[in-house]
Each structure stands twice: as C-alpha cells, then as structure tokens.
1. Mind checking A:65-75 for the average number of partner chain beta-carbons within 10 Å of each residue's beta-carbon?
2. Output wanted: per-residue J couplings in Hz (rounded whole) for region B:9-24, from phi through Karplus 6.51 cos²θ - 1.76 cosθ + 1.60, θ = phi - 60°, x for Gly and Pro.
3. Taking a quarter of the surface of the convex hull around the Cα atoms of region B:4-85, what do you get in nm²?
4. Reachable lysines from A:K90, Cα under 27 Å, same-chain residues fewer than 8 places away excluded?
5. Across the residues of A:148-161, average count of Cβ atoms on other protein chains within 10 Å?
6. When the Karplus curve 6.51 cos²θ - 1.76 cosθ + 1.60 is applied with θ = phi - 60°, which whole-Hz ³J(HN,Hα) does each residue of region A:96-103 get, with x for Gly and Pro?
7. Which residue, A:D17, A:D96, A:D75, has the most motion in a Gaussian network model of chain A that connects Cα atoms within less than 10 Å?
8. Defining the label point at 7 Å along Cα→Cβ, can you sort the distances from B:H39 to the same site in each other copy, shortest first, in nm?
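FYI, it's all coordinate maths here, none of it is from the lab. Keep in mind the model is a prediction, meaning the values are calculated, not measured. Virtual Cβ from ideal backbone geometry, glycine too; neighbours counted across all protein chains shown.
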Protein chains: 2
Amino acid sequence: MTSTLGFAILAVLARGDRTGYDIAAGMRRPIGFFWTAGHSQIHAELQKLLAAGLVGYEAEHGPGPQDKKVYHLTDEGSAELRGWVTRPPKERPERDELVLKTYAAWLAEAGLVRRMFADQLAAHEARLAEYEREEAAFGGPPPFGDPRFGNYATLRCGLGYERHRAEWCRWMIDQLGDSESL
Amino acid sequence: MTSTLGFAILAVLARGDRTGYDIAAGMRRPIGFFWTAGHSQIHAELQKLLAAGLVGYEAEHGPGPQDKKVYHLTDEGSAELRGWVTRPPKERPERDELVLKTYAAWLAEAGLVRRMFADQLAAHEARLAEYEREEAAFGGPPPFGDPRFGNYATLRCGLGYERHRAEWCRWMIDQLGDSESL
DNA sequence: CCACACTATGTCTGAAGTGACATAGTCGTT
DNA sequence: AACGACTATGTCACTTCAGACATAGTGTGG
C-alpha cells in the first residue's frame, strides 16, 4: 500500500540514485511543479519504502551525525513503479482558495477584488514566461522512452495550466473593469 | 485563525441559512468543484466557528437523536468573511497524480499510457459538456454584486480548466499516437 | 580565523482530511 | 407492514502534511 508520495520518490529514483536531501531539493518548486514534499516527509517515506523492499541504499561517509545514504531502486521497486504508472489515477478533490474567494467575491468591493486578480495575473504571466523559456530549451518533444519526455510533457501541462489561469484572471478583471474605484 | 474550510462554510452560509448536512451536500461534487469536505469535518469546523462567534444556530426538532441545527452567519462572521475575500490566497502546492504518472511514463508501455489518457480525456469531455449546459442556463454573466456572479465565475474557471486539461490529454495521445499496440 | 551557507539526517507536534461507525426519525414504495 | 432512501448529527481512528527543533561536517568569503 505505497502512498502517492512513495511513488513520487520511486519516480525520481528511476532517473538516478539520490540521497533523501537531493530528492527533497528536486521536489522544491518550480522544478517539481506537480508534487512537493518537505524533507521530513521524504525521510519518513524512504524508511517505509526500505521496509517494503522497494529501495535500498549505500551508506557513504558524509556530513552530519549520520552517514549519508545514497538510495536506489530495487527490482521490486522498479516493477511496482512500472505497474503504478498506467493505473488510472484516483480523483483528488479540487481545493482552490482563489476560486473559493471568487465564489464569495460578490460580498466584497469590486476594486479590491480587481486588485487581487491583477496580482494573480502578474504571477501567472511570470511563471508562463519562465516555462516558455524552459520549453524553448527543448527543441521540440523528446521521444517517448527518453526520461526527458516526462519533463517535457509535464512542462506542457504546466504551460497549458498557466495560460488557462491567466486567461481566467483577465476575464475576471474585464468583468470588474471600468469600476471607478481602485 | 479560521481555516480555509471555515471560510468555505461561511461563504456558503452567506447565501442563506443551512444545516450542517445541507452544507456537506452542497460541497459534494460536481456542484462544489472548488472545495470539498466530508460531513464529519464540517460538523467539527462548525463547532469551532460557533466557539469563535462567527456563526450561530436555531435548533429545530428534526430526525435523529439530536435536534436539527440551522446555522446562520453572525455580524462578526460576515465581517471576517468580507475581510478574507480580498486577502491574497496562499499558494497551495500542486499535487497532481496524473502529471506525476506522466513524469514516469517513459518507463511504461506506450499503448497502456495512451489508454489511460484516452480515459481521462473522455472524463474531461463529459464534464465539459455538463459545464457547457450549465453555462447556457445562465444567459451571460450576472452582474457583480449578485450572488449568482460567484456561481458563474467559478463555472467559467471550471470550463477553462476542463478545456486545458482535455487539450493536454489530446496532445499526449498525439505524442503516443501511431504506436502499433493498444 | 570566524561566520555563514550548504549538505545531510532525523524527531516531534499539531492541523487537515478520509472513511468507518453509531443513532434515529420521516417518507415513499412494494 | 416491511424495506430502503434520505435527512441529520456526531465520534473515532488513521493517514497526510507542514513547520519547528536538533545535530554536525564541509566549503567559501571576508
């Protein structure tokens, strides 16, 4: 009964051996914009994966009170991951604070709501520009089977998401527009 | 220190008095596609809101061992909600299982991945059709200040999201396309 | 030579969220 | 008259997650 976080870790390890620290660093945004976790969670999860025999590690001398542990996938871990990839994802409930605020926006002053959406729009446009730069660095999609295909495909998703979100913000600002106050 | 769930409840109550049961029912998808919660969580949260003086209730005789409690916003609750609406939302980390699977998709058979995306696409198209029917029922956006503005604006967001998602699924299927297997 | 940032592992507390269990009245159907 | 669906409130156990605390070596810059 590996959790989704467990599979996220396995997915990272499938691309190369890493320490818990490296996994956590790789999951910090904006690099890993589809799953995040603090290092405390990752260390705990690694111990579960270890107990389940899905990962192993080589201890090396490193900084800190404990040895540095370089984790790798076992054959069982690799098989588990491969099986998981094509199983239909379970629906996660949407929990979006901005949309919730929008639901209640009719209670507030139009000018303040407009300002909030303008800030959101700016943030989305900044991220969009960043993703577009990243996309340009790929010269088109890598072939399926290349690990970089995964990076490119998730980037495409992020790109589409930011565009949708920015467009919605613009629509909201339009709706609120021409309200005298700001 | 009201939680976001607390504000979700206040936002629902701002539109009319309701029992805990009604709030939970209203938050079941697909009606409330921006925040969901089980009834157990809602009853617990209502007690916190009550202790904080943000809501009150009238007990009526109803089914079950306890009285039925019809909750309403207090003036403090209304003020709290109004203040919260235009405060910038805190960034929630994205946690998207399908995107995570995509990141690891290079490990799996193209045919199986394609099948998974075809299923996802079908689900998005079904929801899109449903939202489009709902949108048609509005004859254009209600004016800001009308509670129905909130419903329409969130619907627009959902519409944009489903379109973006469906497009991305189509792109993925295209990438995997012409692979012999299925 | 000292301070600071970075690498690196881990524990603990508490909040948030999920699903099962418990209880019981009303209303419509068979 | 019995059965099931719906209304209605609540508890409990469990998992997930976030953030603080604890410890300590290495490398860089002033």
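1. On the way: counts 0, 0, 0, 0, 0, 0, 0, 0, 0, 0, 0.
The mean count of partner-chain Cβ atoms within 10 Å per residue comes to 0.
2. Working through the residues one at a time gives 5, 4, 5, 5, 5, 5, 8, x, 5, 8, 8, x, 4, 4, 4, 4 Hz.
3. Working: hull surface 21.1 nm².
Projected over every direction and averaged, the Cα hull of region B:4-85 covers 5.3 nm².
4. A:K48, A:K101, B:K90, B:K101
5. Numbers: counts 1, 6, 9, 3, 2, 11, 7, 0, 6, 12, 4, 2, 8, 8.
Per residue, the average neighbour count from other chains is 6.
6. 10, 5, 5, 5, 4, 4, 4, 4
7. Among A:D17, A:D96, A:D75, the largest GNM mean-square fluctuation belongs to A:D96.
8. Sorted ascending, the copy-to-copy spacings read 4.5 nm.
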